[in-house]
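For reference, the structure discussed in these notes is given below.
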Amino acid sequence: MLIIDYTPSAVLQFPYLKLHQFLYLRSGGRIGKRVGGAPTLLLTTTGRRTGELRTCALIYYQDGDRFVVAASKGGSDDPPFWLLNLVAHPDVRIQIGTRQLVARATVASAEERERLWPLVNRNNRGLAPLIHRGVLGRYDVYQRHTERVIPLVLLEPTTPDA
């Protein structure tokens, strides 16, 4: 029996997103600052088990000085590894284009999530509102696909631009 852990659209997007991340990393941020019109950052966490640095590209929403990312993992019932890593080690690095910052990561409270969810979701619309009735963006589709509440993570810079 085939078990799909992600939404079908997330499965189709996976190779494209891996290429995007590769180009973002290899170009030093000169390529990849946006994906599908949405702003992206590179998040580097410390592995909770290995202690090794792990980097992934994520779509973000800017809320004042903070950056907000959704731990959606394409609608999977399992959280993304980067979320588990930053819960264990909340000091992270972020890169937006060529800007590099050190930040402190926290999971948004229920109240913060309620306020930020529509903003983050609208920021990552894609074609979701055209394809799925009653959604603002992709994260609504991912939330429908899983029973877990998709957390939002707040990335608060702790140092000025490097």
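Observations on the model:
- Any hit, the range 35-58, residues being part of a helix (DSSP H, G or I) and under 11 Å from the mean Cα position of the chain (by Cα): no
- The range 55-103, residues that are among the acidic types (Asp, Glu), touching a helix residue (DSSP H, G or I) at 6+ places or on another chain (Cβ under 7 Å) and farther than 24 Å from Asp140 by Cβ: none
- Residue within the range 75-89 that is touching a Phe, Trp or Tyr at 6+ places or on another chain (Cβ under 6 Å) and within 24 Å of Leu119 (Cβ to Cβ) present: yes
- Evaluated against (1) over 16 Å from the mean Cα position of the chain (by Cα); (2) not in a helix (DSSP H, G or I); (3) not aromatic (Phe, Trp, Tyr), Leu23 falls short on exactly one condition, (2).
- Qualifying residue in the range 125-144 (condition: modelled with pLDDT of 90 or more, among the polar types (S, T, N, Q) and more than 18 Å from Gly37 (Cα to Cα)): no
- Test: residue in the range 39-60 that is charged (D, E, K, R) and surrounded by 17 or more Cβ atoms within 10 Å (Cβ to Cβ): no
- Cβ separations smaller than 6 Å between residues 6+ apart or across chains give the following pairs from the range 113-137 residues that are more than 16 Å from Gln62 (Cα to Cα) to residues that are at pLDDT below 70 and in a helix (DSSP H, G or I): Val135/Ala128; Val135/Pro129; Gly137/Ala128.
The values are calculated or read from the model by the stated rules, or taken from the named source; none is laboratory data. Here the structure is a predicted model, which means the values were calculated and not measured. Virtual Cβ from ideal backbone geometry, glycine too; neighbours counted across all protein chains shown.
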